[in-house]
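Participant: What follows is a single structure, and I will ask about it in a moment.
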Amino acid sequence: MSRAWGAPDTEPTRLLLLRHGRTPLSVERRFAGRGDILLTEAGHAQAEAAARRVAELGVDVIVSSPLARTRQTAGYAADLLGLPVEVDEGFVETDFGIWEGLTFAEARERDAEHVDRWLSDPETGPPEGESFAQVARRVARARDALLERHRGRRVLLVSHVTPIKVTVQQALLAPIEALYRMHLDTACLTEVDYYADGPQVVRSLNDTAHLLGLD
C-alpha cells in the first residue's frame with residue numbers, strides 16, 4: 001500500500017478480521033475455496049460467540065466475502081449491531097481449482113510434483129486455480145479500496161484463511177512465504193491498524209478467547 005494515501009492522523013482505521021465459523025470441510029481439513037458451503041451447527045455457535053465479542057470491541061462497518069459461510073458468520077454481528085453487510089468480492093477465498101474438496105493427502109496422491117511446487121512457489125497455483133501471489137495482489141487492491149472508503153472507522157471484515165493471512169503478511173512487510181508459517185482457527189479474530197501516513201500495526205493474531213467453552 002502507498003505510504004501517502006492521505007494526511008497524517010492519530011486515530012487509525014482498524015480492521016477486525018474474522019475468519020468464518022466451522023464448516024464440514026474445515027472439520028475434515030479439506031481444501032475449501034470457492035465452493036459455497038454452509039456453516040455446521042458448531043460453526044453457527046462460533047459465529048454467534050464472535051459477534052458478541054465484536055459487539056464488545058465496537059465496529060462501525062461490516063464487510064464480508066460473498067460466500068455463504070462468511071455471509072452467515074457476518075449475519076450474526078449484523079443482527080446484533082443493527083448494521084448492514086457490505087459484500088466485497090476482493091476478499092473471497094483462494095480458488096483451489098481441481099483440489100476443491102480434497103484433503104492435502106488426496107491432492108498429493110493425485111499429483112505430488114504439483115503439490116510440491118505449490119508449497120515452494122507462491123506464484124504456482126493448484127491446477128485450474130489461483131496462486132497465493134495472485135490472491136495477495138487481489139487482496140491488496142481490495143484492502144486499499146476498503147481503507148479509502150472507510151478511513152478512520154472500525155471495520156469488521158469477515159473473510160477466509162488466505163485473505164486474512166495475506167493482510168497480516170503485508171502489514172508486517174514480511175515475504176509472501178510467511179503465509180506458510182501462520183495458522184488461523186475457524187472464527188478467530190485478528191486486528192490490524194492502518195494509519196493514513198503509512199504505518200500498519202498488527203495488534204492481535206488468531207484470537208479465539210471468545211470461543212472458550214464451545215466444542
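Rule-based calculations on the coordinates, nothing more; no lab input. Keep in mind it's a predicted model, so treat the numbers as computed, not measured. Here the Cβ positions follow ideal geometry from the backbone for every residue, glycine too, while neighbour counts run over all protein chains shown.
Participant: Using the membrane-span-like helix rule (whole DSSP H runs, Cα extent along the own axis of at least 24 Å, mean Kyte-Doolittle hydropathy at least 1.6), which helices of the chain qualify?
Facilitator: Working: long enough: 41-57 (25 Å, -0.35); 132-149 (25 Å, -0.29).
Qualifying helices: none.
Participant: Also, quick follow-up: Calculate log10 I(q)/I(0) of region 78-192 for q = 0.20 Å⁻¹, where I(q) comes from the Debye formula with a single equal point scatterer on each Cα and nothing for solvent.
Facilitator: Scattering profile of region 78-192, log10 relative to I(0): -1.17.
Participant: In the neighborhood of Thr162, defined by Cβ-to-Cβ distances under 11 Å, what is the net charge if each Lys or Arg adds +1 and each Asp or Glu adds -1? Let's see the in-between values first.
Facilitator: Details: positive: Arg19, Arg138, Lys165; negative: Glu93, Asp95, Glu130.
In short, 0.
Participant: Debye calculation, C-alpha points only, no solvent: report log10 I(q)/I(0) for region 13-210 at q = 0.16 Å⁻¹, in the same order as the q values.
Facilitator: Log10 of I(q)/I(0), two decimals: -1.00.
Participant: Which GluC sites (Glu not before Pro) in region 83-192 sit in a loop by DSSP (not H, G, I, E or B) and have at most 13 other Cβ atoms within 10 Å of their own Cβ?
Facilitator: On the way: sites: Glu86, Glu89, Glu93, Glu100, Glu106, Glu109, Glu113, Glu123, Glu128, Glu130, Glu148, Glu177, Glu191; in loops: Glu93, Glu100, Glu123, Glu128, Glu130.
Counting only loop positions with at most 13 other Cβ atoms within 10 Å, the GluC sites (Glu not before Pro) in region 83-192 are Glu123, Glu128.
Participant: Let me know the Kirkwood hydrodynamic radius for region 130-211, please, with Cα pairs as the basis and the value in Å to one decimal. Could the numbers behind the result be given before it?
Facilitator: On the way: mean 1/r = 0.0750 Å⁻¹.
Answer for region 130-211: a Kirkwood hydrodynamic radius of 13.3 Å.
Participant: Among 183-189, 160-166, what's the highest-first ranking by average C-beta atoms within 10 angstrom per residue? Working shown, then result.
Facilitator: Numbers: 183-189: 20.0, 160-166: 24.3.
Packing order, densest peptide first, comes out as 160-166, 183-189.
Participant: Taking the Cα-to-Cβ direction at Leu81 and at Glu109 and moving 7 Å from each Cα, how far apart do the two end points lie in nm?
Facilitator: Each label point is offset 7 Å from its Cα along the Cβ direction, giving 4.3 nm.
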